[in-house]
Amino acid sequence: MSQLPDLETVTAGSDSGCHCEPGCTDACCAATVVRNEAWHAAARKAKLLSWLSLAYMAAEGAVAITAAVLASSVALLGFGLDSVIEGLASVIVVWRFSGSRTLSETAEARAQKAVAVTFFLLAPYIAVDALSSLFGADKPSTSWLGVALSISSLMVMPVLGRAKRRLGAVLDSGATAGEGAQNLLCAYLAAAVLIGLLGNTLFGLWWLDPVVGLLVAVLAVREGIEAWRGEECAC
């Protein structure tokens, strides 16, 4: 008599929706994802990192909006408001790994789609803000508080983003990997704001900020499509 498969084991690969590139050796390319104690520890870590991200996004948004008001900077204001949208991804992942939803495939599917939607909310906002600044010739003002915040986000967000994408692979969780991609997008936005502020201050290149913003918007759409399809992977 054949044995029934272990309910705590989920087949990865074709069933998980993770598509690995040739030569990829990441955890998402493993044959199976076993929900043992190590898996549960990774789930707790993913939830903790989401809480930390949410706290950072709240602080980032508050500082960015304050700096925007002081410097009359459209770029900084957009950066602050974007933090609210990006924080939604953290809330979604916290919800995903709370209580009985931790082992729920249905909760994972819903969280994955919800994280994808946050990308689609983010992209048009960035694009409209960038286009209005570009065609309106809105020159960003110098704000050393904004510069400091951008540098801080450039240091923090890539670390969180890469960690979450690795955890997403281990957990076979597109929602967690998608949130990691959100953090990386936050770093790109921080770079755009920093380039705009410094480029305008040092060289008068006011148009750098909206141009980089448009590139980030395109990237957000691509990441959103991948998250919706379940193709987010640390590979």
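A compact table of results
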{"quantity": "Bins of 5 Å from zero: percent of alpha-carbon pairs in region 151-208", "calculated": "5, 22, 20, 15, 13, 10, 7, 5, 3, 0"}
{"quantity": "C-alpha center-to-center spacing [region 181-222, region 76-110] in angstrom", "calculated": "24 Å"}
{"quantity": "Distance in nm between pseudo-label sites at SER104 and ALA62 (7 Å out along the Cβ direction from Cα)", "calculated": "3.1 nm"}
{"quantity": "Chain lengthening between LEU205 and LEU52 when straightened (0.36 nm per residue, less Cα-Cα)", "calculated": "51.6 nm"}
{"quantity": "Rotationally averaged projected area of region 110-198 (alpha carbon convex hull; nm²)", "calculated": "6.0 nm²"}
{"quantity": "Potential lengthening between LEU131 and VAL69 on full extension [0.36 nm per residue; Cα-Cα distance subtracted]", "calculated": "20.3 nm"}
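Only the coordinates and a few stated rules stand behind these numbers; no lab work does. Just so it is clear, the structure is predicted and the values come from calculations on it, not from any experiment. Neighbour counts are summed over all protein chains in view; Cβ atoms, including those assigned to glycine, are modelled from backbone coordinates with ideal geometry.
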